[in-house]
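The values are calculated or read from the model by the stated rules, or taken from the named source; none is laboratory data. This one's a predicted model, so the numbers in the text were calculated from it and none came from an experiment. A quick note on method: Cβ atoms are made from the backbone with ideal geometry, for glycine too, and the neighbour counts reach across all protein chains shown.
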Amino acid sequence: MTTEVEPWMIEEFCDLFDGRNDVLFMDDGDRVWQQKFDGNIEPAWFAEKIGASLLYGGPSVGVYPLRDGKECRWICTDLDQGDTEHQAHQIVKAWEYYGIKAWVETSKSKGHHVWVFLEDWTAGTIARRAALYIHQMADVPADEVNPKQEITDGYGNCVRLPYWVDRGEGRMEMVGYPDLGDWLRDATDNQADPDTLFMLANRYTPPEERAVRQPVSLPHSPGEWAPKEGYYPIREVYRGNENVPEGNRDNTFFVLAQYMRGIGVPYHEARGTVQEVWATQTANNQTYPLKQALEKVDRAYTS
């Protein structure tokens, strides 16, 4: 790195890479281990470990993304096979097509990571399926997309964090950002809106449901990367602050059902919520049967 690490950098770094708060991955060059905690990791202790990693070549740190086994603040694709630089570029273009900023990191002595950071804690179901859809759009195999689980009773899989002091293993840093401070400012200002992830997750089709995998042509000029299709503010529909538009009823109810499943709403409560939204917030519901709306809950909760 080209700048001195300051306290604000450590604080911002810890916030961006927040994750499961009862276990960490540690690697001091001689051994690799899990640091486990009976309670929650103290923020000051976590900041101390991150600071040692960034400043002095202390143990590198890996974070498990799924807090409480079900929600996350970041998405990371790990690319190790083939032309990983080209694959990373394709994934970045796919994210940016929907207005989401992604960063490419050099991964030890080979490969690349692609990172996306989220404005708020988001259901692992939504985050993972959104990333899998982006891989489908970019036509890049989704061999290692983190979080690797949508929900887990265990720890799940961890990802080693970038920018630790080089110990001869090859620098892990964001491409184009040798200065940690510059990257932190950019990343903090460009975190993804969870509502956009809900829309992308809704578009993901599991491989067994795709008869033929059709590559999608991506735009070539930066000016064409702006989102071409809007998304509906699902959180506001759920809160009762927005109505379901007549021209987008099927899609809105399905994304709403996915959202409720992702944040842990029980199935019977989700059906009740959809019934209430259908009755009080749906434009011209006389032409849209309640049964059709409830089918979206069944589909989301059984897929």
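Here's the yes/no breakdown for (1) under 16 Å from L197 (Cβ atoms); (2) touching a Cys at 6+ places or on another chain (Cβ under 7 Å); (3) outside any strand (DSSP E or B):
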residue: F117; (1), (2), (3): yes, no, no
residue: A127; (1), (2), (3): yes, yes, yes
residue: Q136; (1), (2), (3): yes, no, yes
residue: V140; (1), (2), (3): no, no, yes
residue: K148; (1), (2), (3): no, no, yes
residue: T152; (1), (2), (3): no, no, yes
residue: Y155; (1), (2), (3): no, no, yes
residue: P162; (1), (2), (3): no, no, yes
Scan the range 273-291 and give yes if some residue there is touching a Gly at 6+ places or on another chain (Cβ under 9 Å), at pLDDT below 90, in a loop (DSSP other than H, G, I, E, B) and not assigned by TED's automatic domain parsing to the domain that holds I100, otherwise no. yes
Spot the failing condition for Q81; the list is (1) touching a residue at least 60 places away in the same chain (Cβ under 8 Å); (2) surrounded by 14 or more Cβ atoms within 10 Å (Cβ to Cβ), and only one is missed. (2)
Please go through the range 25-67 and pick out each residue that is among the basic types (K, R) and at pLDDT 90 or above. K36, K49, R67
Tally, over the range 25-78, of residues that are under 20 Å from L180 (Cβ atoms) and in contact (Cβ under 8 Å) with a residue 24 or more places away in the chain: 21
Is it the case that some residue within the range 144-163 is modelled with pLDDT under 85 and surrounded by 12 or more Cβ atoms within 10 Å (Cβ to Cβ)? no
If G124 meets every condition in (1) out of contact with any helix residue (DSSP H, G or I) (no Cβ under 7 Å at 6 or more places or on another chain); (2) within 21 Å of L200 (Cβ to Cβ); (3) buried (at least 23 other Cβ atoms within 10 Å of the Cβ); (4) modelled with pLDDT of 95 or more apart from one, which number is that one? (4)
Residue that is modelled with the lowest pLDDT, among those in the range 5-24 that are of a type outside the set (A, V, I, L, M), within 15 Å of W183 (Cβ to Cβ) and in a loop (DSSP other than H, G, I, E, B): E6
